[in-house]
């Protein structure tokens, strides 16, 4: 069993620094994780590229569904080129039709825009009516990685489907389990699915110093979620122990 890669999603400089300090292998760089993750700013991508870690930018122009207009697809292509020009290692994206199947034409355009960087298909695949068919389509489009919860809200509840995806992929694409993955359940998820990568926020709620930001509804009442270096390091230690145990089995 090869070492399990740990990807941490972040949407702030503090979270990025914490993820790197905690030992993340890869960063999913976002804005607005409270909306599921949007395209990060030019400045955030530029600064993130200077860190000694693999950084993959979310390319999602707005919240809501994943059915995008021609203009939105064009903007996403430009964002992909910007990420590549800034030296990021990859991008994370997904597009769907109104029936929740993958929009293969749009995805082909976006994949073609990423000429020299990796592409991850995000959890849009969890909406598809046939997740194994969508896995095969992602492979055909040349995606390097699929982020999935197995069609469930949380990866822990979708392990059977994730395991089937891993089996079907057969090494042709990396399958990464994400959504609700913690240091407490990651061993179970990896054990049941055989994934090579796991994705987590490793975050905790943090309120503003005065509380006025929350009072004025500029931030959620419970505070923003911020990545914890301690939680990342705990996850790092856990996934490393899974690998060591498998190697000595």
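With respect to the stated conditions, residue 166 is assigned to a helix (DSSP H, G or I) and crowded, with 19+ Cβ neighbours inside 10 Å. Only residues that are out of contact with any helix residue (DSSP H, G or I) (no Cβ under 8 Å at 6 or more places or on another chain) and closer than 14 Å to residue 151 by Cβ were counted across the stretch 80-133, and they come to 8.
Filter the helices (runs of 4 or more DSSP H) completely within the stretch 64-141 down to those with at least 3 residues that are free of Cβ contacts under 8 Å to residues at least 12 places away in the same chain.
Those helices (runs of 4 or more DSSP H) span 70-85.
Evaluate the following for residue 22: is it within 27 Å of residue 129 (Cα to Cα) and touching a residue at least 12 places away in the same chain (Cβ under 8 Å)? In short, no. Scan the stretch 179-204 for residues that are in contact with a strand residue (DSSP E or B) (Cβ under 7 Å, 6 or more places away or on another chain), outside any helix (DSSP H, G or I) and farther than 15 Å from residue 236 by Cα and the total you get is 2. Among the numbered conditions (1) surrounded by fewer than 24 Cβ atoms within 10 Å (Cβ to Cβ); (2) in contact with a helix residue (DSSP H, G or I) (Cβ under 7 Å, 6 or more places away or on another chain); (3) farther than 19 Å from residue 113 by Cβ, the only one that residue 45 does not meet is (3).
Every read-out reported here was derived from the displayed coordinates using simple, explicitly stated rules and does not represent laboratory data. Computed from a predicted model, the values in this text were never measured in an experiment. We place every Cβ from the backbone using ideal geometry, glycine too, and count neighbours over all the protein chains shown.
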